[in-house]
Every structure is written in structure tokens, then in C-alpha cells.
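Here the structure is laid out as C-alpha cells; the discussion comes afterwards.
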Amino acid sequence: MREESVPYALRMINIEKYFGPVHALSNINLEVGRNEIVGLIGDNGAGKSTLVKILTGVYRPTSGDLYIAGRKVDWRTYNVQRAHEYGIETVYQDKSLGEKQALWRNFFIGRQITRRFGFINVKEEKRIAQEVMLSTIGFRGKGITVDSTVSKLSGGERQGVAIGRAMYFEAELIVLDEPTVALSLKEVRKVINFVHRIKEGGKACIYISHAIQDVYEVADRFVVLDRGEIVGDLRKENVSLKDVDEFLLSYAHGLKDRRE
Amino acid sequence: MKKLRSFIRFLGKIEGLPVAVVFVLLIVVFIITAPDVFLKWRIYMSFLQTVAPPLILGLGLTFVITAGEIDLSFPAVVAFSGYVFTWAFRTFSEGIDGSLAALLALGLALLAGGMVGYINGILVARVGVPSIMATLAAQFFWYGVTVLLAGGLQAALKTIEENAVHQILTGRIYGIIPNPERGRIGIPTQALWALALAVFLWFILNRHKFGEAVMFIGDNPNVARVMGINVEATRIQLFTMMGVIAAFAGVILTMEMRVFYPTQGQGMLLPVMAAVFIGGTSIAGGVGSIVGTFFGSYIIGSLEAGVVATGISGFWVQLVQGVVMGASVVLNTVLGRGDLMVLSERLRHWGVPMRSSGFTQEALPPEHGD
């Protein structure tokens, strides 16, 4: 079976990325298991976003290989649609949903259920969106229907919709790009619960954050990125929150400057 | 009370209802103040004829504004396509059948409009020129081209009435409207074409992938991009479509007048934009209403004739236009999109900055923010 023969949802080998003379990512080797939640932690400018954008088909790396579920990615044809086909879905902090659009539209944007000539099957889209809202992410917001616009949702609920959408489209790997920035504690709690559902659903996840507190509870493993390099790969069994925190602080304060 | 609430909520969901109500009220006012004119069919037939070109333009512009862009070049396309049509018809009709010549001329004119729009699209989407600049330049350029090609002269379409294309696009349908008076009254077919186009474009905007892409791009182009929409291609298609639609309006206008003027279309820019905004299409992008634009165009188109017909001085026309436009836009803003309940809440806060609105929240200093 595919699941047994390929233990990784994702594998990056020697990924390098230059923006002109700027060495944004160097020698990135990263694996994510099929049902693993990986916390990708790093300060601002560490290269987290660049890494994600390569993964999701927005940027092309300068060199290196990417395997998704055992399949090697051909960079020449790799783009956002292709990443979706490969089962990689991304939930961005603030740009996953069109605010003035109805929930059902947001659900299917980019891959609508269409009839002939590209006309949208509204009834079917609404039905499925409704179903996913209730079952997959347990959405019971008062007065919120699939016809509501996103602007009526709270920050946490929005991330819930984006995660629910990713799960519906059978994402093998969901990338959460700083999903809790600018959210209140109560809303962060909601997002954490959505991440638990990803784990329960048997899927993989890369949770990107600059704060370890957010990811510690849900992640199985922590990968620390600093100035374009992976400097730490810690399993949760082996470290406490305090350990990881101290590890990160040592980089933040430049105590472990690798480039003297 | 509960029934009333759900009824109000139901009303709020009807697209373009506020503008439709304004339009009906306007007609009622005109009927009361000028019964001689507004209780007869003729004035309405006149509206159907004159409103058709700006309505067609407004329908296209609704898409452009929904996408968060603007097109200022459509008046020039009305002139340029009118020239292309006239030139082609006069050239072809010497050799071939008039209807075929008109059909070919129509095709060429639409092509010319599409080309203007495509160039706009390339400038905006590929080169990255803001659409207001690109289309402003295009507006001057294509009027310039038209004047040069036409030698600054108008040109008559003498034999155009004899052919089928003219009959189909800008003919009159007689026999439907009862007419006890002297003279025949026919329904201008261009009004039907404009209506058909409105229905078609409603489906494209609200039920087609293209329309959804337009709304998401207007809402937030970054979201559209990460969700796999080809933002650049959609923008180019959008401007091309606007060009073709503007050319169609130009041909209708030229055919109806049976004369091409190098300055035709001038003066249409602001009324057409006003019609779109009255209809509730958001200047911020992301939300557009075809139904709103439809009634908005008829409001704008009937104001001048209506005010003059009431017998008050023509000097009042612009003032009344301003009041009606202002009232419509305020009504739209206050009602929000599909939520009449907001109105009572807003009225209670009249004059007091509201916390519930994102806009005022940002405008307030932080100490008032909570």
C-alpha cells in the first residue's frame, strides 16, 4: 500500500533559495511523516515564509528536490494548482479567505463544482459547504450560515473555515502559516482544536509560528529555522516547553552565532 | 414582530431592491408632478432608447469596478468602435449585401473594442500600470485616433435602415403597446438587447467561475492568487470584455443615430459611473450588483427628462440629480448588503461614531477604541 511504502507526506532535500545575492534558504532537509504535526519555528526573517512558498508552489527554489507522498516534484510545472492536486493545502494568517464573499464561495474558490461552460453548481457547493461546516470542523456559530460573508466571522472561525476547506479537499499535508497571529486567546484555543482534528483525521501538518507556546501543545516535533538554515530538530518526547524556549532564545540573542 | 423581522430579512436579500424602490418612487413622483408626460407611453419608449447604450456600458463597468479596477476609456471606445463600424459598413455595402456588410462591420467594431480593452488589460495586469492611469491615457489616445481617422468629420449611415442587422439591433417592435393616439409607438429593440445582456451578465457574475474570480480579485488579489486564480489573466479578460461591451454600446448608439460623430460617447463617463455606484457596486471592489446597475442606469437616464417635464426650471436638473444620486448611495451604504436590520441600528447611532464599523474603528484614536 502507498501508506506503508512511503512513510513521508513530504520530503525536502538540499533545498536552496537565493533572491539575487541574498541566500534565503540554505541546505534545507526536512521530512514530515504521514500523520505528523511539525511545528516550524523561527524568528521574523528566518525564512519560514520562503520555505512555505516553495512548498506550496508560489516560489521556485534555486536548487534542491521535493518529494510529496513519494512523488518527485517537477519544478518547471509546479504551481499552486499542482500543489493542490498533490494534496498540499495552505492556511495563511490573513489571506486565505475573501472577506466580502459568502462562505460557500470561499469554500470552493479556485476549484468550483461546475456544470457545462464553467457555470457553478451553487446548490451542490452550498450543500457540501454546509456539511463540512457542521461535521468536519464542528461549526456551530450562532446565526452563521453558508450564505454569511466571511467578514461576520471571528478570527478563529475564519481559520476554522480555511482548515475545514483544506480537510475537505483531502489535503495530505496542511500548512498553517502563522494562523494565530492577531487572535485573542479564546480564538487561539479554537484554532488549536482545529489542528487536533487534523491529527485525528490522519493527516499531516506543518504549523508555522514564531512563538513556541502556540505550537507546543499540538506539535509532535519542532523544527527550528534560523537565518535560512535548520538549526534544531527536536522531538516532543525529549524536550519540555522550557527546553525549546531556551533553545530558541539562545538564537534570538545571538548567543549561538554560527557565522563568526 | 418576528414575522416582520423575517420579512425584512427576506427583503434585504433581494438584490438591488433599494435602487429599484428609488426608481419606482421617482417614476411615481414624476407621474404626480407631470401626468401629461408620464401617463403616456411615449416618454418610456424614449427612455428605453436613450438608456440602452449607457446601461450596456454600466453592465460592463460593474465587472471592472467589482474587480477593484476602473475603466475611463469606454467613452473613447464608443467613438472608436462607432468609427470602425461606420467605415466598415460604408466600405463593404458598396460591394455586398447591406445586412452582411452591417454584420461584418459589427464584428470588426467589436474586435476593435476588444483590442482596446486587451491593450488596457496588458498595461494593467502585465506592466502593472494602475488602471486609472492606463485607461485615462487610453481614453485620450483612442479619441485622438478616432478624430484622426475620421478627419474630425461626422459620417452618415444612409442606407443602414434598410438592412436586417439594424432592424434586429435598433429597430422598433410595433403592435404590443396599445396606441390610441396618432402615430405609431414601437418598443426599441436595443432595450431588449440591453436587458438580455443584463440577464446574461448577471449569470456570469453570480454563477460563473469568471464572475467569482472577479469578485475575489476585487476583494483581495492575494487571496485570489493563493487560491489558484490566475489574477493577471482574469484582469486581461476583464478589460477585454469591457472593450467589447463598450464597442457594442458604440455600435448601438451609432446605428440608432444613423450618424457617427467623432465626439460620441463624451459626457457618458460620469453618468455611467454614477449608475454603477447608485446600484450598490462597491468602489472598494469585491461586491457588484448587475440588478442595481440596471435600475441605476434607468434612474440616471430618466432624471433629466423627468425633471424638465415637471415644468420646473431646467436649472434644477443637476441639483435634483445630485440629490437622487446621493440618496441612493446613502441608502445602499446604510442598508449594507442584504441586511435591512442594520438600518435601525445605524439610525440610533446617527452622528455618533460607531464601534461596529471597521472604518470608524480605525479612524478613532486608541483610547476610544474599546
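Readers should treat all values here as calculations from the given coordinates under stated rules, not as data from a laboratory. Keep in mind it's a predicted model, so treat the numbers as computed, not measured. Because the Cβ atoms are built from the backbone with ideal geometry, glycine has one as well, and the counts that use them run over all protein chains shown.
Worth a mention:
- Under the span-like rule (Cα at least 15 Å along the axis, Kyte-Doolittle mean at least -1.0), DSSP H helices of chain A: A:122-134, A:155-168, A:185-200, A:241-252
- Two-decimal Rg/Rh across chain A, once Rg and the Kirkwood Rh are taken from alpha-carbon atoms: 0.98
- For the set A:Lys48/A:Lys126; A:Lys126/A:Lys236; B:Lys3/B:Lys209; A:Lys17/A:Lys203; A:Lys72/A:Lys236; B:Lys3/B:Lys40, the pairs lying more than 32 angstrom apart at their alpha carbons are A:Lys48/A:Lys126; A:Lys126/A:Lys236; B:Lys3/B:Lys209; B:Lys3/B:Lys40.
- Relative contact order of the stretch B:41-315, pairs being alpha-carbon contacts under 8 Å that are 6 or more residues apart, as %: 38
- DSSP-defined antiparallel bridges as percent of all bridges, the protein assembly as shown, nearest 5: 60
- GNM on chain B, alpha-carbon springs under 10 angstrom: the most fluctuating residue among B:Ile290, B:Ile96, B:Ile176 is B:Ile176.
- Per residue of A:118-128, other chain Cβ atoms within 10 Å of the residue Cβ number 2 on average.
- Take each residue of peptide A:101-112, count the partner chain Cβ atoms within 10 Å of its Cβ, and average: the result is 4.
- Listed peptides A:235-248, B:261-274, B:22-35 appear in the order B:261-274, B:22-35, A:235-248 once ranked by packing, highest mean of other Cβ atoms within 10 Å at the front.
- A:Gly39 long-range amide H proximity, modeled H, under 5 Å: A:Tyr207, A:Asp220, A:Arg221, A:Phe222, A:Val223
- Computed from Cα positions, the angle between helix B:17-33 and the longest principal axis of chain B comes to roughly 70 degrees.
- Working note: Karplus 6.51/-1.76/1.60 with θ = phi - 60° gives the stretch A:11-23 the couplings 9, 10, 10, 6, 6, 10, 9, 10, 10, x, x, 7, 8 Hz, where Gly and Pro are set to x.
- Cα gyration tensor shape of chain B, rounded if a/c is under 1.5, else prolate or oblate by comparing a/b with b/c: oblate
- Between 0 and 90°, nearest 10: helix B:2-13 axis offset from chain B longest Cα axis: 40
- Here the Karplus relation 6.51 cos²θ - 1.76 cosθ + 1.60, evaluated at θ = phi - 60°, turns the backbone of the stretch B:315-320 into coupling constants of 5, 7, 3, 5, 4, 5 Hz, with x for every Gly and Pro.
- Note on A:145-153: average number of Cβ atoms from other chains within 10 Å of each residue's Cβ is 2.
- Within the listed set B:Gly16, B:Gly58, B:Gly326, the residue fluctuating most in the Gaussian network model of chain B (springs between alpha-carbon atoms under 10 angstrom) is B:Gly326.
- Relative to the dominant Cα principal axis of chain B, helix B:209-219 is inclined by about 50°.
- Distance from the stretch B:255-281 to the stretch A:186-248 (C-alpha centre basis), Å: 58
- Cα shape, the stretch A:41-162, gyration tensor, a/c 1.5 rule: oblate
- The stretch B:30-89: C-alpha gyration tensor shape, a/c 1.5 cut-off, then a/b vs b/c: oblate
- Listing B:Leu59, A:Leu10 from fewest to most neighbouring C-beta atoms within 10 Å gives A:Leu10, B:Leu59.
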